[in-house]
Amino acid sequence: MDPVTAGIFVAIGLIVLMAIGTPIAFALGGISLIALVADRGVAELTYFGETFFDRIAEFGFVAIPMFILMGAAVASSPTGRDLYRSLDLWLGKLPGGLAISNIGACTVFSALSGSSPATCAAIGKMGIPEMRKRGYPDGVAAGCIAAGGTLGILIPPSVTMIIYGIATETSIGRLFIAGVVPGFMLAGLFMIWTLIACKLAGGYNSPNPVAAAAASMKDNVEGNLKALVRVLPFLAVVIGILFALYGGVATPSEAAGVGAFFCVALAILVYRMWQLKPLKLIMRDALRESVMIMLIIAAAEVFAYALSSLFITQTVAGAIADLEVNRWVLMGVINLFLLVAGFFLPPVAVIVMTAPILLPIILSANFDPYWFAVILTINLEIGLITPPVGLNLFIINSIAPDISLRNVLMGSLPYALCMVLGILLLCFFPGIVTWLPDLIMG
């Protein structure tokens with residue numbers, strides 16, 4: 001069978017498996033196993049097992065469960081609540097200020113947790129009911145949280161950036177710092193659109209009558225400032241991790257381990273989570289997400305091996321490389337490919353499968369690999385708030401089931417356009433990505 005025909009059969013098989021609800025890791029592994037056995041016979045099962053386990057045996061992957069444990073400690077504690085209260089104190093008086101403070105809370109919480117789903121869940125549980133109570137349209141309330149949650153895979157420390165760094169053998173510290181300015185740029189674009197949307201809808205900044213009756217303004221301010229003080233130690237941990245990475249003090253795995261320890265310790269000390277039950281929940285959530293991601297990485301590696309064995313990878317890469325077009329047209333084709341891939345696959349799977357293939361093409365076209373990492377990540381962020389997968393959409397729908405999925409989607413689409421605008425800005429001004437890494441790391 002020629003590579004093109006084989007690629008079509010593999011793609012159809014993968015889509016069918018995912019359409020019937022097969023978990024992504026099992027879908028990738030299952031279609032890879034079928035393709036390898038059909039092409040090379042039962043003897044290929046030996047290489048299947050070796051490939052599956054060899055990839056995740058790399059020491060660099062230790063950083064992933066550690067960062068996930070760090071995020072689980074933050075997500076399972078009342079940190080999100082305190083962060084939300086503090087930002088509402090400063091931004092709540094603007095037209096649409098509560099929605100803007102939600103995006104700000106998502107931005108900071110993304111840096112603390114490194115996880116888009118955790119950010120959506122933690123801030124959405126408080127922010128969406130409060131916004132609806134104050135008269136915000138359902139679309140604005142749901143859309144700003146869904147979009148703000150996507151920043152978790154861009155603003156450091158980001159698990160997806162770690163996976164990209166390992167897959168492409170690029171500096172994880174430099175990847176982290178490359179995501180800082182674009183992450184805050186996207187947050188700014190989100191806030192601008194939210195302000196416009198709220199102005200068009202008449203503005204929403206009315207105080208919460210229940211809260212006003214329960215406490216005086218002085219008590220409210222004092223409570224919010226105390227909440228901010230409780231959040232600051234967690235922010236200090238993140239800053240310390242980034243300093244250790246950029247200063248060459250520790251490897252990503254070492255920094256992740258220390259960060260996880262301190263975040264769990266702070267959750268216990270600051271929020272008095274002494275009981276065994278909350279600690280078990282933290283460990284359970286971290287274990288679940290770690291196993292899921294590691295399974296996806298291992299299955300995606302087998303999938304990449306199957307594609308390479310069937311010469312599908314080489315054929316696709318060669319076809320892209322042979323396109324005699326302007327390099328920006330080539331980048332447009334790659335962006336379209338990543339966008340479509342993000343519609344159907346989670347970010348981890350897309351990075352593991354495509355980054356090693358696309359990186360040589362990117363380098364041959366004289367694009368910066370760290371700049372491309374940010375472009376790739378933003379494309380995958382769009383996939384988090386667009387169907388058919390749209391993980392953040394379903395998380396928001398589970399938090400507020402009385403808001404229809406259609407309203408959540410319609411409220412999120414303008415933010416997806418903000419991300420497209422962000423990609424265009426980075427294409428016109430690549431220094432937005434490269435300036436800070438060059439300044440700090442040379």
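Looking at (1) farther than 23 Å from GLY259 by Cα; (2) more than 21 Å from the chain's Cα centre (by Cα); (3) touching a residue at least 24 places away in the same chain (Cβ under 8 Å), which is the one condition that is false for LEU28?
Tallying (1) farther than 23 Å from GLY259 by Cα; (2) more than 21 Å from the chain's Cα centre (by Cα); (3) touching a residue at least 24 places away in the same chain (Cβ under 8 Å), LEU28 fails exactly one: (2).
Being in contact (Cβ under 8 Å) with a residue 40 or more places away in the chain and either open to solvent by 60 Å² or more (accessible area, probe 1.4 Å) or among the basic types (Lys, Arg) (or both) is the filter here; which residues of segment 34-53 pass it?
Hits for segment 34-53 are ASP39, ARG40, TYR47, PHE53.
Can you pull out the residues in segment 361-380 that are open to solvent by less than 20 Å² (accessible area, probe 1.4 Å) and not hydrophobic (A, V, I, L, M, F, W, C)?
Selection gives THR377, ASN379.
Can you name the number of the only condition in (1) touching a helix residue (DSSP H, G or I) at 6+ places or on another chain (Cβ under 8 Å); (2) in a helix (DSSP H, G or I) that THR22 fails?
Status for THR22: all satisfied but (2).
Which of the following residues is more than 29 Å from ASP54 (Cα to Cα), open to solvent by less than 10 Å² (accessible area, probe 1.4 Å) and part of a loop (DSSP other than H, G, I, E, B): ILE155, ILE177, ILE145?
Selected residue: ILE155, the only one of ILE155, ILE177, ILE145 that is more than 29 Å from ASP54 (Cα to Cα), open to solvent by less than 10 Å² (accessible area, probe 1.4 Å) and part of a loop (DSSP other than H, G, I, E, B).
Among the residues of segment 259-287, write down those that are part of a helix (DSSP H, G or I) and either touching a Gly at 6+ places or on another chain (Cβ under 7 Å) or open to solvent by 50 Å² or more (accessible area, probe 1.4 Å) (or both).
Answer for segment 259-287, where residues must be part of a helix (DSSP H, G or I) and either touching a Gly at 6+ places or on another chain (Cβ under 7 Å) or open to solvent by 50 Å² or more (accessible area, probe 1.4 Å) (or both): PHE261, PHE262, LEU269, LEU276, LYS277, LYS280, LEU281, MET283, ARG284, ASP285, LEU287.
Determine which single condition ILE403 fails, assuming it passes every other condition in (1) open to solvent by less than 60 Å² (accessible area, probe 1.4 Å); (2) in contact with a Phe, Trp or Tyr (Cβ under 8 Å, 6 or more places away or on another chain); (3) among the hydrophobic types (A, V, I, L, M, F, W, C).
So the condition that ILE403 fails would be (2).
The values are calculated or read from the model by the stated rules, or taken from the named source; none is laboratory data. Just so we're clear, the structure is a prediction, and the values are computed from it rather than from any experiment. In this analysis, Cβ positions are derived from the backbone assuming ideal geometry, glycine residues included, and neighbour counts consider all displayed protein chains. In case anyone asks, the SASA skips ligands and DNA or RNA and just uses the protein heavy atoms, side chains included. Shrake-Rupley method; radii C 1.70, N 1.55, O 1.52, S 1.80 Å.
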